[in-house]
Amino acid sequence: MDIHNGMPAGALGAAGWRKPWSGSNGGACLEAKQLADGRVALRQSTDPDSPALILQAHEIRAFIQGAKRGDADFLLS
């Protein structure tokens, strides 16, 4: 299967999706799935067939590390 950005997230299967970023927003969460090749797929939980964002392992690592440092705090205001 050709896994690429924008593909329907549902095409990646139902198993393995997790909600590490869920909150008190009524169930609307960002879900993540670790792919076999080390990449990470992200999708909107309320729409399992929404377009998937596929990130390389180094991209998701940089994002998470940056968020921990506060690099994305400007998005909270």
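Condition first: surrounded by 14 or more Cβ atoms within 10 Å (Cβ to Cβ) and either touching a residue at least 60 places away in the same chain (Cβ under 8 Å) or in a loop (DSSP other than H, G, I, E, B) (or both). Can you find one or more residues in region 53-66 that meet it?
Initially, region 53-66 is screened for residues surrounded by 14 or more Cβ atoms within 10 Å (Cβ to Cβ), giving 53-55, 60, 63.
Retained after the next criterion (residues that are either touching a residue at least 60 places away in the same chain (Cβ under 8 Å) or in a loop (DSSP other than H, G, I, E, B) (or both)): none.
No, that holds for no residue.
Test GLY10 against the criterion of being small (Gly, Ala, Ser) and either assigned to a loop (DSSP other than H, G, I, E, B) or in contact (Cβ under 8 Å) with a residue 40 or more places away in the chain (or both), and give yes or no. Outline the logic, then answer.
Working: small (Gly, Ala, Ser): yes; either assigned to a loop (DSSP other than H, G, I, E, B) or in contact (Cβ under 8 Å) with a residue 40 or more places away in the chain (or both): no.
In short, no.
Pairs needed: first member in region 26-51, without any contact (Cβ under 8 Å) to a residue 40 or more places away in the chain and surrounded by 11 or more Cβ atoms within 10 Å (Cβ to Cβ); second member anywhere, of a type in the set (Val, Ile, Thr) and not in a strand (DSSP E or B); C-beta distance under 7 Å; at least 6 residues apart or different chains.
Pairs that qualify, where the first residue is without any contact (Cβ under 8 Å) to a residue 40 or more places away in the chain and surrounded by 11 or more Cβ atoms within 10 Å (Cβ to Cβ) and the partner is of a type in the set (Val, Ile, Thr) and not in a strand (DSSP E or B), are ALA28/THR46; LEU35/ILE3; VAL40/ILE60.
For region 7-25: of the residues being over 21 Å from HIS58 (Cα atoms) and at pLDDT below 80, which is surrounded by the most Cβ atoms within 10 Å (Cβ to Cβ)? Break it down stepwise before answering.
From region 7-25, those over 21 Å from HIS58 (Cα atoms) are 8, 10-11, 13-15, 22-25; that's our starting set.
Next cut, at pLDDT below 80 only: 22-25.
Working: SER22: 13, GLY23: 10, SER24: 5, ASN25: 10.
Only one residue fits best here, namely SER22.
The values are calculated or read from the model by the stated rules, or taken from the named source; none is laboratory data. Predicted model only: the values in this text are computed from it and were never measured. Using ideal geometry, Cβ is built from the backbone for each residue, glycine included, and neighbour counts are taken over all protein chains shown.
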